[in-house]
Amino acid sequence: MKTSPLWRLATEQIVMDSMVWNNSLGRRISLREGDITRLAADAIVNAANSALAGGGGVDGAIHRAGGPEIMRELDAIRRRIGRCPTGSAVATGAGNLSAKFVFHAVGPVYRDGSHGEPELLASCYRACLELAEERGVRTIGFPAISTGVYGYPLEEAARIALREVASHLNRPESAVEEAVFVLFGKPAYQVYAAALGGIH
Ligand code: APR
């Protein structure tokens, strides 16, 4: 029977096959569907805003699950640096979460893709990976930054996120062993699974 790519993507077997990417250095990228606050990793990434003021989506979930300590740390960071520019990230502890750190990354608001959005989104992932290296983080969880309230098209965001993370994991000196993308809902998971198939 001839199968179309769409049909293949919709089957569990194909999705399972494309869930993990390994490189020759033994580093991996894996995909999970679910709530990032439940992930056991050294660090999890928050999709924050420049004011570091909390909000809905991932940000709301992280502050709810992590408790008030995370916001207290952000208050201190805000007093020190003011706003966190789009494309960058700051680190706090993880409060009641099982991670050691939360990296609060500020993704771009998507307008039409010609206002520097791809580079700013890529820069968010690089900033988080730098924070990870500085702290000896071996496992890190990412949400699909900017793809909720900030409106970034999921397919394009997935390609950028996976490309940046894979390129970092291909560096011999990296201490990061595994990056987990935690996608909210099956459609988002399937978009990432398809994009992961194109990463080398
Ligand atoms: N775990 C994993 N992914 C989640 C969760 C969760 N608990 N909650 C939402 N998501 C998904 C969304 O479905 C979306 O694909 O995370 C992605 C990012 O969505 P947002 O959280 O809306 O983040 P973003 O688009 O970057 O917008 C940032 O939202 O709440 C505010 O303070 C935040 O102002 C900032 C803005």
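The values are calculated or read from the model by the stated rules, or taken from the named source; none is laboratory data. All values reported here derive from a predicted model rather than from experimental measurement. Ideal geometry is used to build each Cβ from the backbone, glycine not excepted, and the neighbour counts take in all protein chains shown. Surface accessibility is based on the protein's heavy atoms, side chains included, excluding ligands, DNA and RNA. Shrake-Rupley method; radii C 1.70, N 1.55, O 1.52, S 1.80 Å.
Can you put Glu173, Glu155 in order of accessible area, largest first, using a 1.4 Å probe?
My answer, sorted largest first, is Glu173, Glu155.
I need the shape label for segment 16-196. Rule: rounded when a/c is under 1.5, else prolate if a/b > b/c, else oblate, with a, b, c from the alpha carbon gyration tensor. Display every interim value, and only then the final one.
Details: a/c = 1.43, a/b = 1.22, b/c = 1.17.
In terms of gyration-tensor shape, rounded.
With θ set to phi - 60°, apply the Karplus curve 6.51 cos²θ - 1.76 cosθ + 1.60 along segment 71-84 and write out the HN-Hα couplings as whole Hz, x wherever there is a Gly or Pro.
5, 4, 5, 5, 4, 5, 5, 4, 4, 7, 10, x, 8, 9
Over the chain, with every protein chain in place, what whole percent of the accessible area is carbon and sulfur at 1.4 Å, could you tell me?
Carbon and sulfur: 53 percent of the exposed surface of the chain.
On average, how much accessible surface per residue is there in the chain, in Å², for a 1.4 Å probe, leaving out ligands, DNA and RNA? If you can, show how the numbers build up before the last one.
Working: 9660 Å² over 200 residues.
On a per-residue basis, 48 Å².
Taking the 0 to 90 degree range and rounding to the nearest ten, how far is the long axis of helix 117-134 tilted relative to the main principal axis of the chain, both from C-alpha atoms?
Tilt relative to the chain: about 70 degrees.
Could you give the length gained by full extension between Ala51 and Asn23, i.e. 0.36 nm per residue of separation minus their alpha carbon distance, to one decimal place? All intermediate terms of the calculation are to be shown ahead of the outcome.
On the way: separation 28, 0.36 × 28 = 10.08 nm, distance 3.67 nm.
Extra length available between Ala51 and Asn23 comes to 6.4 nm.
Taking R0 as 35 Å, what FRET efficiency do you get between His200 and Ala40 from their Cβ-Cβ distance, rounded to the nearest 0.05? Mind dumping the intermediate values first?
Working: r = 28 Å, r/R0 = 0.81.
Between His200 and Ala40 the formula returns 0.80.
Mind checking the full-extension length gain between Lys186 and Glu130? Use 0.36 nm per residue of separation minus the Cα-Cα distance, one decimal, nm.
On the way: separation 56, 0.36 × 56 = 20.16 nm, distance 2.96 nm.
So the extension gain works out to 17.2 nm.
I'd like the FRET efficiency for Ala175 and Asp112, computed as 1/(1 + (r/R0)^6) with the beta carbon distance as r and R0 of 45 Å, rounded to 0.05.
Numbers: r = 37 Å, r/R0 = 0.83.
E between Ala175 and Asp112, to the nearest 0.05, is 0.75.
Distance between Cα centroids, segment 133-190 to segment 47-71: provide it in whole Å.
19 Å
Pull out the extension gain between Arg64 and Arg80, defined as 0.36 nm times the separation in residues minus the alpha carbon to alpha carbon distance; nm, one decimal. All intermediate terms of the calculation are to be shown ahead of the outcome.
Values: separation 16, 0.36 × 16 = 5.76 nm, distance 2.41 nm.
Working it through step by step, the gained length comes to 3.3 nm.
When the Karplus curve 6.51 cos²θ - 1.76 cosθ + 1.60 is applied with θ = phi - 60°, which whole-Hz ³J(HN,Hα) does each residue of segment 183-200 get, with x for Gly and Pro?
9, 8, x, 4, x, 5, 4, 5, 5, 5, 4, 5, 5, 5, x, x, 8, 10
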